[in-house]
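Working notes, structure below.
The values are calculated or read from the model by the stated rules, or taken from the named source; none is laboratory data. A quick note: this is a predicted structure, and the numbers were derived from the prediction, not measured. All Cβ positions, even for glycine, are placed from backbone atoms using ideal geometry, and neighbour counts span all protein chains on display. Note: accessible area is taken over every heavy atom of the protein model, side chains too, but ligands, DNA and RNA are not part of it. Shrake-Rupley method; radii C 1.70, N 1.55, O 1.52, S 1.80 Å.
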Amino acid sequence: MINLLKSKMNKYNYKDWISYFKSNDQQRLHIDFSKELPLTDSERRLITPSVWAFQKGEGSDGRHLMNTVEAYIHQHGAPEYREAMLWFIKENWHSAYLRKFMDHHHIKPAKSSFPDKVFRKLRQAGGLRCEITILVTAEMIALTYYDALSKSTDSPALKSICTQMLRDELPHIMFQSHTLSRFKKHPFHKFIRIITMETTLLFVWAQFHNVYQAGGYSFVKFLKENLGYLHQSIMLEEMNH
């Protein structure tokens with residue numbers, strides 16, 4: 001598990017985040033398929049269901065998110081948050097990276113994904129705080145998923161994609177934790193975050209445990225790392241409050 005608490009990004013304000021996202025926008029991943037071998041039948045069967053789900057989940061135009069951002073700014077101020085979120089949404093190339101990998105290996109994208117539908121419904125159930133709570137939960141789980149996925153096949157292209165995903169998700173968690181720190185503190189919200197994470201973890205493990213196990217994760221390790229990231233995010237939220 002990576003320690004998020006020591007990062008200098010924890011001191012960023014929204015102007016700093018805008019600068020970071022602008023800079024990172026110039027560093028998109030070039031996926032090298034020159035050394036890529038065909039996936040074996042077992043590799044294809046192993047990774048396809050979860051890649052379908054995560055590729056679908058990573059893609060979003062951010063319309064509902066920006067609506068909640070506008071409502072929040074209208075009520076609480078912080079207009080620079082609008083630009084930071086627009087850059088954050090623009091940085092979301094992860095779905096495209098996975099799609100390129102899928103196209104190379106002739107894996108047709110899923111028309112729909114049940115996990116993606118559930119996450120979208122939950123994110124749209126409330127205002128900005130609800131959106132960010134669900135979003136950061138997914139980003140934390142993505143850390144363990146892409147780590148496991150990178151170790152589950154011998155594909156150099158997939159390993160490079162997963163490395164990039166992990167590099168991007170770490171700042172995203174700190175960015176979202178900073179936003180959560182701006183809301184009024186209430187013990188019930190911490191409880192909601194824990195229940196949301198635990199429920200989602202059980203669902204993700206039930207659906208994709210084979211990929212996690214191929215990547216070296218037992219159920220205990222899976223729980224421990226994801227809950228550890230949640231604990232760090234909550235600490236960041238409380239530290240910056």
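Structure notes:
- Mean sequence separation of contacting Cα pairs (under 8 Å, at least six apart), scaled by the length of the chain, corresponds to a relative contact order of 27 percent.
- Additional length obtainable on full extension of the chain from SER218 to ALA110, 0.36 nm per residue less Cα span: 36.1 nm
- Pairwise label distance in nanometres, SER34 with SER181, each label 7 Å out on the Cα-Cβ vector: 4.3 nm
- Calculated FRET efficiency for the pair ARG45/HIS76, C-beta based, R₀ 51 Å, to 0.05: 0.60
- Ratio Rg/Rh [Cα only; Rh per Kirkwood] for the chain: 0.95
- Per residue, in Å², the accessible surface of the stretch 36-79 once ligands and nucleic acids are set aside, probe 1.4 Å: 56 Å²
- Whole-percent carbon and sulfur share, accessible surface of the chain, 1.4 Å: 58 percent
- Estimated FRET transfer efficiency when R0 is 25 angstrom, pair LYS8-GLU238 (beta carbons, to 0.05): 0.85
- Using only side-chain charges placed at the Cβ, +1 for Lys and Arg and -1 for Asp and Glu, the dipole size of the chain relative to its Cα centre rounds to 360 debye.
- Take every Cα pair under 8 Å whose residues are at least 6 apart in sequence, average their separation, divide by the length of the stretch 146-217, and the relative contact order is 58 percent.
- Springs join every pair of Cα atoms under 10 Å in this Gaussian network model of the chain, and among LYS111, LYS185, LYS90 the largest mean-square fluctuation is at LYS111.
- Between ALA206 and LYS15, the FRET efficiency from the beta-carbon distance, with R0 = 51 Å, is close to 0.75.
- Over the chain: helical MRE at 222 nm, DSSP H runs n ≥ 4 each giving -39500 (n - 2.57), nearest 500: -24500 deg cm²/dmol
- Unit charges at the beta carbon, dipole of the stretch 122-241: most positive-side option, PRO171, LEU201, CYS130: CYS130
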